[in-house]
Amino acid sequence: MTFRADIEFARQLDQDDPLAHFRDQFHIPKQSNGNEEIYFCGNSLGLQPKITSAYLMEELEKWQRIGVKGHFSENLPWISYNEILAENSAALMGALPQEIVMMNTLTLNLHLMMVSFFNPTAERNKILIEAHAFPSDHYAVTSHLKCHRLNPTESLLIASPRPGEELIRMEDLAALIEREGRSIGLILLPGVQYYTGQVLDMKEITRLGHAQGCTVGFDLAHAAGNVGLALHDWDVDFAAWCTYKYLNSGPGSLAGCFIHERHAADKNIPRFAGWWGHNPSTRFEMGPDFDPIAGAEGWQLSNPPILSLAAIRASLEIFRQAGGITALREKSKKLTGFLEFLLQAKLADEIEIITPDHEEQRGCQLSLKVKPGHVSGKEIFSKIEAAGITGDWREPDVIRVAPTPMYNQFEEVYRFVEILTASFSGRGSA
Ligand SMILES: *Cc1c(COP(=O)(O)O)cnc(C)c1O
């Protein structure tokens, strides 16, 4: 698509956007002057859908009215609430409903998955991660190695970008997996790298890993609700993601977990067990022998917080109305492409974009670095924040901005670049 760098063009794109009206379904934060913020932070905390409070109230009201009987109420019984969410998530994740469960938090799900899918032997005892893995993932993986009495300096294998580069090259990753494959128990990589916004080729990584006999799992924190996924067809062993980023389900909301159908009925997979993972038909006999549900639900520990599930249900309903990830992704490529175009047209001397320039290798987010010789990136970030932009700053020197197709506009992208440009020249701008 050919873009033009003027506001009329941006407004025209909004007018032609079939998803434009979804913005009205969200609460957009306001600046102190009453104007709406330019909220480009859906990669960190997605905005609240207007229907969320009604979905929560429905469950609060049920609890008020019938108490414990809410577990078995005629409408959306709490006991099976999770099943609806698995069905609604399946299309977004490219999975079968029985491969998905909403439970715990992302980091905890990674722990549970490693209990089940990292079983080190004398020959195969390494975990492959990437050099700039999100700290929580790094801590989780290292702690598992230690629990197995393995030394992380030997057993933690790290895929890095080449010196002076920011992105992981697929050919380097492939060579590493080929070279070290027989010693790797688990490959745990992000679907979308949180710092650079790079999309990794999950299908190819899974194929390469399996060819070497490794288990392959993905952290999809920045991928869920952002890019198209086909976890089932790619044959991924497991995945985990949070729902408060692109999935707009509220701070600290429950996380998702995918376990491939191949593992569903295998009761011999070691796991940390809890009563909610037990066969529901005998769960309330309260016996001592654990009989796991065949499918991802068999990894549940506890009965889930319904208020969090209600927020996820509200959000997934909007994704469904928007036509799912295919329609959103189409707009997203244009929205982020427009941002890239404007930055190159107006700020090529000041800003370096570290995110891949190929639209298939990135999602919504662009990660920006202020080039040396200008004011510091942090100073620029403070200025644009003061002018009503919510993005985020990531140490040491990156401004992340993520225009999301669900509620952001082309005009906002235009105004963002205008404000960013003004922040370099010292002029104020609104
Ligand atoms: C956001 C994010 C997390 C957050 O973990 P929680 O357990 O939800 O606090 C972990 N890993 C990655 C890659 C993330 O982007």
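Would a scan of the range 175-182 turn up a residue that is at pLDDT 95 or above and within 14 Å of the ligand (Cβ to nearest atom)? Within the range 175-182, not a single residue is at pLDDT 95 or above and within 14 Å of the ligand (Cβ to nearest atom). Looking across Leu96, Leu85, Leu108, one residue alone is in the same structural domain as Ala230 (by TED's automatic domain parsing), within 20 Å of the chain's Cα centre (by Cα) and buried (at least 21 other Cβ atoms within 10 Å of the Cβ). It is Leu85. Only one entry of Leu176, Leu188, Leu167 meets the criterion of being closer than 22 Å to Val115 by Cα, in the same structural domain as Val115 (by TED's automatic domain parsing) and not charged (D, E, K, R), and that entry is Leu188.
Quick check on Lys69: is it more than 27 Å from Gly191 (Cβ to Cβ) and outside the structural domain of Ser183 (by TED's automatic domain parsing)?
No, not satisfied.
Table: residues versus (1) surrounded by 20 or more Cβ atoms within 10 Å (Cβ to Cβ); (2) at pLDDT 95 or above.
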| position | (1), (2) |
| --- | --- |
| Ser253 | yes, yes |
| Cys257 | yes, yes |
| His263 | no, yes |
| Gly274 | no, yes |
| Glu285 | no, no |
| Phe290 | no, no |
| Leu307 | no, yes |
| Ala310 | yes, yes |
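Okay, residues lined up against (1) more than 12 Å from the ligand (Cβ to nearest atom); (2) modelled with pLDDT of 95 or more; (3) in a helix (DSSP H, G or I):
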residue: Asn88; (1), (2), (3): yes, no, yes
residue: Leu92; (1), (2), (3): yes, yes, yes
residue: Gln98; (1), (2), (3): yes, yes, yes
residue: His111; (1), (2), (3): no, yes, yes
residue: Met114; (1), (2), (3): yes, yes, yes
residue: Arg124; (1), (2), (3): yes, yes, no
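Looking at the range 153-230, the strands (runs of 3 or more DSSP E) lying wholly inside it that each contain 1 or more residues that are crowded, with 24+ Cβ neighbours inside 10 Å and in contact with a helix residue (DSSP H, G or I) (Cβ under 6 Å, 6 or more places away or on another chain) sit at 184-190, 215-219. The set of residues in the range 312-351 that are crowded, with 20+ Cβ neighbours inside 10 Å, small (Gly, Ala, Ser) and within 30 Å of Phe3 (Cα to Cα) contains only Ser332. Scanning the range 252-286 for residues that are assigned to a loop (DSSP other than H, G, I, E, B), closer than 17 Å to Pro97 by Cα and among the small types (Gly, Ala, Ser) yields a single hit, Ala265. In this structure, is Gln212 of a type outside the set (Val, Ile, Thr), out of contact with any Cys (no Cβ under 8 Å at 6 or more places or on another chain) and either more than 28 Å from Glu317 (Cα to Cα) or at pLDDT below 95 (or both)? Against the criterion (of a type outside the set (Val, Ile, Thr), out of contact with any Cys (no Cβ under 8 Å at 6 or more places or on another chain) and either more than 28 Å from Glu317 (Cα to Cα) or at pLDDT below 95 (or both)), Gln212 qualifies. Applying the condition of being surrounded by fewer than 17 Cβ atoms within 10 Å (Cβ to Cβ) and touching a residue at least 24 places away in the same chain (Cβ under 8 Å) to the range 362-388 and asking which residue is farthest from Glu36 (Cα to Cα) yields His374. On inspection, His132 passes the criterion of being in contact (Cβ under 8 Å) with a residue 60 or more places away in the chain, within 16 Å of the ligand (Cβ to nearest atom), outside any strand (DSSP E or B) and out of contact with any His (no Cβ under 8 Å at 6 or more places or on another chain).
The residues on offer are Asp289, Asp233, and the sole one that is among the acidic types (Asp, Glu) and under 27 Å from Met406 (Cβ atoms) is Asp233. Of all residues in the range 13-29, count the ones that are under 16 Å from Ala322 (Cα atoms) and assigned to a loop (DSSP other than H, G, I, E, B). Selection size over the range 13-29: 4.
Quick one: which of Ala345, Ala327 is out of contact with any Cys (no Cβ under 9 Å at 6 or more places or on another chain) and within 22 Å of Leu85 (Cβ to Cβ)?
Ala327
Listed by position, the strands (runs of 3 or more DSSP E) enclosed by the range 292-408 that each have at least 2 residues that are farther than 27 Å from Gly252 by Cα are 351-353, 366-370.
Quick check, is Gly228 closer than 27 Å to Leu368 by Cβ, assigned by TED's automatic domain parsing to the domain that holds Glu123 and more than 16 Å from the ligand (Cβ to nearest atom)? Answer is yes for this residue. Every residue in the range 175-211 that is in contact with a Leu (Cβ under 6 Å, 6 or more places away or on another chain), of a type outside the set (A, V, I, L, M) and closer than 18 Å to Asp235 by Cα, please. Result: Gly191, single match. Checked against (1) free of Cβ contacts under 8 Å to residues at least 40 places away in the same chain; (2) surrounded by 18 or more Cβ atoms within 10 Å (Cβ to Cβ); (3) away from the ligand (no atom under 16 Å from the Cβ), Phe118 passes all but condition (1). In the range 89-106, the residues that are aliphatic (A, V, I, L, M) form Cβ pairs under 9 Å with partners that are more than 16 Å from the ligand (Cβ to nearest atom) and in a strand (DSSP E or B), at six or more places apart or across chains, as follows: Ala90/Ile100; Met93/Ile100; Ile100/Ile259; Val101/Ile259.
The values are calculated or read from the model by the stated rules, or taken from the named source; none is laboratory data. None of these values were measured; they are calculated from a predicted model. Methodologically, a virtual Cβ is constructed for each residue, glycine included, from the backbone with ideal geometry; neighbour enumeration extends over all protein chains shown.
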